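Accompanying notes for the structure given below.
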Amino acid sequence: MGHEELEAFRNRFNEINESKDPVRTNRLSILMTDMEQTYNIPNFYSAAFNYHNPQVIKLYRQVSYARFFEGVK
């Protein structure tokens, strides 16, 4: 997976982040799934994965934290 692919995910995130909820949160969840499949992001914390893929996990966390779940604080 090259830098261009990660940049495409980053651009997609920025575009989605401009949307309104609930569509925004749904699209962010789909983006996370796409990243999980593309980069084989493990379901549970993996220090090794995070160490070898710092930019991927950084963007993945940004996407995750940007989601909004009604009623959850």
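The values are calculated or read from the model by the stated rules, or taken from the named source; none is laboratory data. No experiment lies behind these values; they were computed from the predicted model shown. Backbone-built Cβ (ideal geometry, glycine too); neighbour counts: all protein chains shown. Calculation scope for accessible area: heavy atoms of the full protein, side chains included, ligands and nucleic acids excluded. Shrake-Rupley method; radii C 1.70, N 1.55, O 1.52, S 1.80 Å.
Ordered from highest to lowest accessible area with the whole protein assembly present and a 1.4 Å probe, Arg27, Arg10 read as Arg27, Arg10. Restriction of the GluC sites (Glu not before Pro) in the chain to DSSP coil positions whose beta-carbon has at most 12 other beta-carbons within 10 angstrom yields Glu18, Glu70.
The residues of the chain have, on average, 73 Å² of accessible surface per residue, using a 1.4 Å probe with all protein chains present.
In a simple Cβ point-charge model (Lys, Arg +1; Asp, Glu -1; nothing else charged), the chain has a dipole of about 280 debye relative to its Cα centre. Exposed loop sites are taken as chymotrypsin sites (Phe, Trp or Tyr not before Pro) in a DSSP loop (any state but H, G, I, E or B) with at most 16 other beta carbon atoms within 10 Å; the longest stretch of the chain without one runs 1-43.
The residue list Leu28, Tyr39, Phe9 was ranked by how far each Cα lies along the charge dipole of the stretch 1-45 toward its positive end, using unit charges on Cβ atoms, and Leu28 comes out on top.
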